[in-house]
Amino acid sequence: MNEIKNIRHPEKVNKPDNISPSKPSWLKVKAPQGDLFLKTKSLLDDLNITTVCEEAACPNIGNCWEKKHATMMIMGDICTRACSFCNVATGKPKLLDPSEPVRVAKSVLRLNLKHVVITSVDRDDLNDGGASHFVNTISSIREISPQTSIEILTPDFLRKDGALEKVIEAKPDVFNHNLETVPRLYPSVRPGARYFHSLNLLLKVKLSNPNIFTKSGIMVGLGETENEVFQVMDDMRSADIDFLTIGQYLQPTLKHHEVDRFVNPKEFEKYKSVALSKGFLLVSSSPLTRSSFHASEDFESLKKARIKNNNNKRND
């Protein structure tokens, strides 16, 4: 008899179901539809581009794709990590496609993107964690679509000496790496990562090139406390992170980490107010906030906030 396997998450086959509470009204979104959505999908499919929008089952995919915005995911759709919150498949990745950086750059040009977000799966199987592939992608975009600003959302490059330095040298406009949750929950939510390594990675970016905007995000509703969220904010500011995103965790399947609770929109507003008081240049905090949601508009806001902040310092 043929064995039935969970192709997307083989490591989760024998786990019991994790039951989450029912979604509240503020988390309901319209199903993707419309001509622009379908046109964006067709263009990405034509160039064989993988997006985190689809792989991570992002609730904002309809909103973004109708505006011809998409977050490109390089280095395949198989991750070497098994984070309990993530919908991306875990397993043995394929070899890197050397043509991918150019294909991504062509898609950026065809979509006429003013700002693009490039992310990836974790590639612990590669000597540099995929840093060179990030560099090649940034280089290709700059050559084919020089008017486009570039934001990268990277893995942690854990135990990959010299990898981070390669990416910094490529000078992305925004360097994003998500802490994802509070340190207490790392063993159950992000077991392959290390909280302070991720924090120090972002600090190294800022120390190496202060002109690069740094960005990080967390999910709430995983079982964290308010004080733990405030402590993460303080840790991020110690690393001089410019932009903080906070969004509601949504359970992709019953085999993933359960939702502890759905955080009320008023609590998100409180988090935003507290975070801004701690000195972040920009904060996005709402139930549907995701790392790359409204990234183009946020980049413009970041630039304005930096100018205002620098002017205030000169006037003090």
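The values are calculated or read from the model by the stated rules, or taken from the named source; none is laboratory data. Since the structure is predicted, the reported quantities are computational estimates derived from the model, not experimental observations. Note that each Cβ is placed from the backbone with ideal geometry, even for glycine, and that neighbours are counted across all protein chains shown.
Here Leu95 passes the criteria (1) buried (at least 18 other Cβ atoms within 10 Å of the Cβ); (2) part of a loop (DSSP other than H, G, I, E, B); (3) out of contact with any strand residue (DSSP E or B) (no Cβ under 6 Å at 6 or more places or on another chain) except the one numbered (1). If you filter segment 281-301 down to residues that are in contact with a Phe, Trp or Tyr (Cβ under 6 Å, 6 or more places away or on another chain) and outside any loop (DSSP other than H, G, I, E, B), you find that the one that is nearest to Asn264 (Cα to Cα) is Ser285. Return the residues of segment 202-240 that are over 19 Å from Thr119 (Cα atoms) and of a type in the set (Phe, Trp, Tyr); say none if nothing qualifies. Within segment 202-240, just Phe230 meets the criteria.
Look at (1) part of a loop (DSSP other than H, G, I, E, B); (2) touching a Phe, Trp or Tyr at 6+ places or on another chain (Cβ under 7 Å); (3) modelled with pLDDT of 95 or more and you find that Leu244 fails only one, number (1).
Being surrounded by fewer than 23 Cβ atoms within 10 Å (Cβ to Cβ), touching a helix residue (DSSP H, G or I) at 6+ places or on another chain (Cβ under 8 Å) and not acidic (Asp, Glu): is that true of Ser188 here? No, not satisfied.
When we screen Ala163, Ala170 for residues that are closer than 23 Å to Tyr195 by Cβ and among the small types (Gly, Ala, Ser), the only hit is Ala163.
Tallying residues that are surrounded by fewer than 22 Cβ atoms within 10 Å (Cβ to Cβ), without any contact (Cβ under 8 Å) to a residue 40 or more places away in the chain and of a type outside the set (A, V, I, L, M) within segment 127-182 yields 16. Thr148: in contact with a strand residue (DSSP E or B) (Cβ under 8 Å, 6 or more places away or on another chain), of a type in the set (Ser, Thr, Tyr) and closer than 28 Å to Phe230 by Cα, yes or no? For Thr148, the condition - in contact with a strand residue (DSSP E or B) (Cβ under 8 Å, 6 or more places away or on another chain), of a type in the set (Ser, Thr, Tyr) and closer than 28 Å to Phe230 by Cα - is not met. Across segment 243-263, the number of residues qualifying as without any contact (Cβ under 8 Å) to a residue 60 or more places away in the chain and over 14 Å from the mean Cα position of the chain (by Cα) comes to 2.
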